[in-house]
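Student: Here it is, the structure in full.
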Amino acid sequence: MTEPVHHMLAARDLLPAEHFLDSGYASAELIVGIKKNFGVTLVTPVLMNSSPQARAGAGFDRTAFTIDWDKRQATCPRGDTSTWWSPATLHGTKAIVIKFDKETCRPCPVRDQCTSSKTGGRTLSLQPREVQEVLDHARLQQGDEQWRAKYATRAGIEGTIHQAVAVTGMRRARYLGLQKTHLEHALSAVALNLIRLDAWWNGHPLDRTRVSHLARLDLSLTA
């Protein structure tokens, strides 16, 4: 759904340098495609590494291995190199499967931190180079406090959408016809801008701080 939006913005010369998305839209392929086709950087959380080692927070996950894309080879944390590199299709997506020889992995003293296989060697699955490098960079970035503070801008966007729905009822048009609907949306946007300007100039918060059900119960018991 993001590509038609970017085409519309490009046609009007309104493409932003950055576009904040929620996690429902995020994928490394999308980040690469939008940057390549429109020059826009997507700021969005991506799915983290789902390997058993990454989920457990222990052992050697994919990031512990050095990938030499030109030599088509991976090096494990102990310095051993892979013996198999093959393009593949996993769940309908292009991938690269990397394997380490079982004779190398079997006597390794840290084998239990690397693979749960009792007989085979370690296997890695990567996406194509351009996509994988973008994914690795995005995962590294989103663990940084500065990136999280920057992405907090998205909360303001969600607040604006909620306000537009709650105040103007924008989910359902009051009139028939594109011209009338467009005019309604334009007037709704003006109204929202005036509401927000008034709140800003007078120092009034746009919404009250929410109190959880548990907190309200505690307050009632205290009273």
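Student: May I ask you to verify whether Leu42 is under 15 Å from Asp136 (Cβ atoms) and either modelled with pLDDT of 90 or more or surrounded by fewer than 14 Cβ atoms within 10 Å (Cβ to Cβ) (or both)?
Tutor: no
Student: OK, next. Scan the stretch 184-223 for residues that are open to solvent by 100 Å² or more (accessible area, probe 1.4 Å) and either modelled with pLDDT of 85 or more or part of a loop (DSSP other than H, G, I, E, B) (or both) and jot them down.
Tutor: Restricting attention to the stretch 184-223, the residues satisfying the condition of being open to solvent by 100 Å² or more (accessible area, probe 1.4 Å) are 187, 194, 200-201, 204-205, 208-210, 213-214, 216, 219, 221-223.
Across the stretch 184-223, the qualifying residues are Leu187, Leu194, Trp200, Trp201, His204, Pro205, Arg208, Thr209, Arg210, Ala223.
Student: Please work out if Gln163 is polar (S, T, N, Q), part of a helix (DSSP H, G or I) and either closer than 21 Å to Thr75 by Cβ or open to solvent by 70 Å² or more (accessible area, probe 1.4 Å) (or both).
Tutor: Answer is no for this residue.
Student: Filter the stretch 60-79 down to the residues that are open to solvent by less than 60 Å² (accessible area, probe 1.4 Å) and acidic (Asp, Glu) and list them by number.
Tutor: Asp61, Asp68
Student: Looking at the stretch 30-39 only, could you name the residues that are in contact with a His (Cβ under 8 Å, 6 or more places away or on another chain) and open to solvent by less than 60 Å² (accessible area, probe 1.4 Å)? Step through it out loud before you land on a result.
Tutor: Going residue by residue through the stretch 30-39, those that are in contact with a His (Cβ under 8 Å, 6 or more places away or on another chain) are 34, 37-38.
Ile34, Phe38, listed by residue number.
Student: Given (1) over 31 Å from the mean Cα position of the chain (by Cα); (2) open to solvent by 50 Å² or more (accessible area, probe 1.4 Å), identify the lone condition not met by Lys94.
Tutor: (1)
Student: Quick check on my filter: what residues within the stretch 1-33 are closer than 28 Å to Phe65 by Cα, part of a helix (DSSP H, G or I) and not hydroxyl-bearing (Ser, Thr, Tyr)?
Tutor: Of everything in the stretch 1-33, those that are closer than 28 Å to Phe65 by Cα, part of a helix (DSSP H, G or I) and not hydroxyl-bearing (Ser, Thr, Tyr) turn out to be Ala28, Glu29, Leu30, Ile31, Val32, Gly33.
Student: From (1) open to solvent by 30 Å² or more (accessible area, probe 1.4 Å); (2) modelled with pLDDT under 90; (3) not hydrophobic (A, V, I, L, M, F, W, C), pick out the condition that doesn't hold for Ser51.
Tutor: Checking Ser51 against (1) open to solvent by 30 Å² or more (accessible area, probe 1.4 Å); (2) modelled with pLDDT under 90; (3) not hydrophobic (A, V, I, L, M, F, W, C), the one that fails is (1).
Student: Right, Ser116: at pLDDT 90 or above, out of contact with any His (no Cβ under 8 Å at 6 or more places or on another chain) and loosely packed, with under 12 Cβ neighbours inside 10 Å or not?
Tutor: No, not satisfied.
The values are calculated or read from the model by the stated rules, or taken from the named source; none is laboratory data. Not measured: the values here are computed from a predicted model. Note: ideal-geometry Cβ built from the backbone for every residue, glycine included; neighbour counts use all protein chains shown. These area figures cover heavy atoms from the full protein model, side chains too; ligands, DNA and RNA do not enter into them. Shrake-Rupley method; radii C 1.70, N 1.55, O 1.52, S 1.80 Å.
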